[in-house]
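Enquirer: Supplied in structure tokens, the structure appears directly below.
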Amino acid sequence: MNRRLELLTAYPFERLARLKAGVTAPAGLAHIAMSIGEPKHTPPAFVVEALRQSLGKLDSYPATAGLPETRAACAAWLERRFGVRTAPDTMVLPVNGTREALFSFVQAVVSSDGRAGRPVVAMPNPFYQIYEGAALLAGAEPYFINTTAMNRFQPDLDSVPAEVWKRCQVLFLCSPGNPTGAVLSLEFLKHALALADRYDFVIASDECYAELYRDDRAPPPSMLQAALASGHDEFQRCVVFHSLSKRSSVPGLRSGFVAGDPALIKPFLLYRTYHGCAMPIPTQLASIAAWDDDDHAAKNRALYRKKFADVIPILEPVLDVVEPDGGFYLWPDIKRDDETFTRDLFASQNLTILPGSYLARDTADGNPGRHRVRISLVAPLAECVSAAMRIRSFLEKN
Ligand SMILES: Cc1ncc(COP(=O)(O)O)c(C=O)c1O
């Protein structure tokens, strides 16, 4: 087997299961899961219906490039949401959720030919775990850029040595960030692109929480906008990743898309043709219905805002919590060991959260997830509120 598989770190949920093993939670309290980032709102009925209506279309192989209508719906949404125009046929590709695309994109891009030194894939730390696994399996060295409260959870790109940038082939950005909820500004994105130009690397911008944000006056910008603002009129060096999982609460549909530089999309399509990851036609037709509609996404966003509005005042007296600019996570500084906190909270309240250190890696400046926990506000509102009360009562006693 591929020896690089041995380099993969146990996934955070495996480590969490080990942490909780042998701990008995109080039987009188129903379990509340706030560890996993799986949206739990009811999927829109019209999307489910579009899927049901198209089940007769299972008799043909789908094309890897997707239906023209699917690419057009994604491009139309990009234009409504970010004001950017993309050519659907050369700049947009449907993917079976961004997870597989984030992984496969790195396999398609990273190359050991013609460049000195081991390839680097740079990423924020903490980060969505796929970035690191993708880098390791592609034979690249992951380079972690810490995001902390000190830098407002923005990766400090200027802290990266030139020697690392010279070997960098892919820079991952995530905005709104998982787990921090931080949004990267247009200025930040333009600066990242200037570095990509200078050192010749590609930016993979994970924007799958782009529809979940706090302030209607400041929706998170896309790397595609930064590209246009930097004179990259064909989105040179940029690929963005978008998903219906969070926007439309359909994580089980496995539907997203990538968009950007046609010089990257074309070879990525070739890679995917061999990999065999075309999106089933019923999934595409349901996805078109979802991308075409913005009302349900606004309603979904409002549900998360209501959760933050109700949960934060309960936690504020005992915990350093702030509403993030985007996403659906709280990422508080708990000022103590995050594994012990997670285990003790489970033992006392039958409530599962995720130790922050599981989402980050140790660096010379420490592990930026240490002393933090990720709390996902994915459960129904009433459950989130009772979870907040349990955390508060736990902290009042501990
Ligand atoms: C930052 C980030 N990127 C990508 C994904 C993958 O989402 P999906 O594969 O459902 O599109 C997730 C899922 O939790 C995520 O948190």
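Enquirer: Sequence neighbours fewer than 8 away in the same chain don't count; with that in mind, list the aspartates and glutamates whose C-alpha is under 18 Å from K266.
Expert: K266 reaches D89, E100, D233, E234.
Enquirer: What aspartates and glutamates could a cross-link reach from K335, if we take a straight Cα to Cα line under 14 Å and drop same-chain neighbours fewer than 8 places away?
Expert: D320
Enquirer: Now for a different question. Please go through the range 331-370 and write out the chymotrypsin sites (Phe, Trp or Tyr not before Pro) that DSSP classes as loop and that have at most 15 other C-beta atoms within 10 Å.
Expert: On the way: sites: F341, F346, Y358; in loops: none.
Those that pass, being in a loop and sparsely packed, number zero.
Enquirer: Moving on to the next point. Report the net charge of residues surrounding L395, where surrounding means a beta-carbon distance below 12 angstrom and charges are Lys +1, Arg +1, Asp -1, Glu -1.
Expert: +1
Enquirer: Under a 5 Å amide H to amide H cut-off, with H placed in plane at 1.01 Å, what residues pair with R374 once short-range neighbours are removed?
Expert: Placed amide hydrogens put L354, G356 under 5 Å from R374.
Enquirer: Using a Förster distance of 35 angstrom, determine the FRET efficiency expected from the C-beta separation of D113 and R217, and round it to 0.05.
Expert: FRET efficiency, D113 to R217: 0.15.
Enquirer: Oh, and also: Under a crude label model (7 Å from the Cα following the beta-carbon direction), how far is N2 from A309 in nanometres?
Expert: 4.7 nm
Enquirer: Here's another thing I want to ask about it. With the convex hull built on the Cα atoms of the chain, state its orientation-averaged projected area in nm².
Expert: Values: hull surface 80.4 nm².
Its Cα hull, projected and averaged over all orientations, spans 20.1 nm².
Enquirer: Sticking with this one: Can you return the lysines within cross-link range of K57? Criterion is Cα-Cα under 21 Å, with same-chain partners fewer than 8 residues away left out.
Expert: none
Enquirer: Sort S386, S54 by heavy-atom solvent-accessible area, probe 1.4 angstrom, most to least.
Expert: Putting S386, S54 in descending order of accessible area: S386, S54.
Enquirer: Residues with amide H under 5 Å of A182's amide H, sequence separation 5 or more or different chain, H placed in the peptide plane at 1.01 Å from N; which?
Expert: Counting only residues 5 or more places away or on other chains, the set is G177.
Enquirer: Karplus couplings for the range 363-368 from phi (6.51 cos²θ - 1.76 cosθ + 1.60, θ = phi - 60°), rounded to Hz, Gly and Pro as x?
Expert: Rounded to whole hertz, the list is 9, 4, 9, x, 9, x.
Enquirer: Using amide H atoms built 1.01 Å from N in the peptide plane, name the residues 5+ places from E141, or on other chains, whose amide H lies under 5 Å from its own.
Expert: Here V120, V121 satisfy the definition.
Enquirer: Protein chains only, probe 1.4 Å: how do R3, R217, R118, R370 rank by accessible area, largest first? Show your work: numbers first, answer last.
Expert: On the way: R3 165, R217 205, R118 110, R370 135 Å².
Listed by decreasing accessible area, they come as R217, R3, R370, R118.
Enquirer: Could you tell me the center-to-center distance, by alpha carbons, between the range 347-373 and the range 115-163 in angstrom?
Expert: Using only Cα atoms to place each centre, the spacing works out to 18 Å.
Enquirer: Enumerate the calculated ³J(HN,Hα) couplings along the range 258-269 in order (Karplus 6.51 cos²θ - 1.76 cosθ + 1.60, θ = phi - 60°), each rounded to whole Hz, writing x wherever the residue is Gly or Pro.
Expert: So the Karplus estimates, Gly and Pro as x, are 10, 8, x, 3, x, 6, 9, 5, 4, x, 5, 4 Hz.
Enquirer: Apply the a/c threshold of 1.5 to the C-alpha gyration tensor of the range 207-315 and tell me whether it is rounded, prolate or oblate.
Expert: It comes out oblate by the Cα gyration axes.
Enquirer: Checking the table K190/K299; K246/K397; K190/K246 against a 28 Å threshold on Cα-Cα, which pairs fail? Before the final figure, lay out the partial values.
Expert: Details: K190/K299 31 Å; K246/K397 35 Å; K190/K246 26 Å.
Long pairs (Cα-Cα over 28 Å): K190/K299; K246/K397.
Enquirer: Here is a further query. Give the whole-number value, in cubic angstrom per residue, of the convex hull volume spanned by the C-alpha atoms of the range 184-231.
Expert: 69 Å³
Enquirer: Next question, about the same structure. Multiply the residue separation of E49 and A87 by 0.36 nm, subtract the distance between their alpha-carbon atoms, and state the gained length in nm to one decimal.
Expert: The span from E49 to A87 would gain 10.8 nm if fully extended.
Enquirer: Using only the Cα atoms, work out Rg/Rh for the range 320-363, with Rh taken as the Kirkwood radius, to two decimals.
Expert: Rounded to two decimals, Rg over Rh is 0.99.
Enquirer: Report the full-extension gain for the segment T24 to H275: residue separation times 0.36 nm, less the Cα-Cα distance, to one decimal in nm.
Expert: So the extension gain works out to 86.0 nm.
Enquirer: Something else: Grab the eigenvalues of the alpha-carbon gyration tensor for the range 49-89, scale each by 5, take roots, and send me the semi-axes largest first in whole angstrom.
Expert: So the three semi-axes of the range 49-89 are 25, 14, 5 Å.
Enquirer: Roughly how compact is the range 1-124, stated as its Cα Rg over 2.2 N^0.38 Å to two decimals?
Expert: Ratio of Cα Rg to 2.2 N^0.38 Å: 1.55.
Enquirer: How far apart, in nanometres, would the label points at A17 and A347 be if each is projected 7 angstrom from Cα along the Cα-to-Cβ direction?
Expert: 2.2 nm
Enquirer: List, in order, the whole-Hz ³J(HN,Hα) value for each residue of the range 321-336 obtained from phi through the Karplus relation with A = 6.51, B = -1.76, C = 1.60 and θ = phi - 60°; use x for Gly and Pro.
Expert: 10, 10, 6, x, 5, x, x, 10, 10, 9, 9, x, 7, 9, 6, 6
Enquirer: Quote the charge dipole size of the range 306-371 about the Cα centre in Debye, to the nearest 20; the model charges only the Cβ of Lys and Arg (+1) and of Asp and Glu (-1).
Expert: Using Cβ point charges on Lys, Arg, Asp and Glu, the range 306-371 gives about 180 debye.
Enquirer: Next question. Considering only protein heavy atoms and a probe of 1.4 Å, how much of the accessible area of the range 85-139 is carbon and sulfur, as a whole percent?
Expert: With neighbouring chains kept in place, the figure for the range 85-139 is 50 percent.
The values are calculated or read from the model by the stated rules, or taken from the named source; none is laboratory data. All of these numbers come straight from a predicted model, not from anything done at the bench. Quick reminder, even Gly has a Cβ in these numbers, built from the backbone with ideal geometry, and neighbours come from all protein chains shown. Heads up: the accessible areas ignore ligands, DNA and RNA and are worked out on the full protein's heavy atoms, side chains in. Shrake-Rupley method; radii C 1.70, N 1.55, O 1.52, S 1.80 Å.
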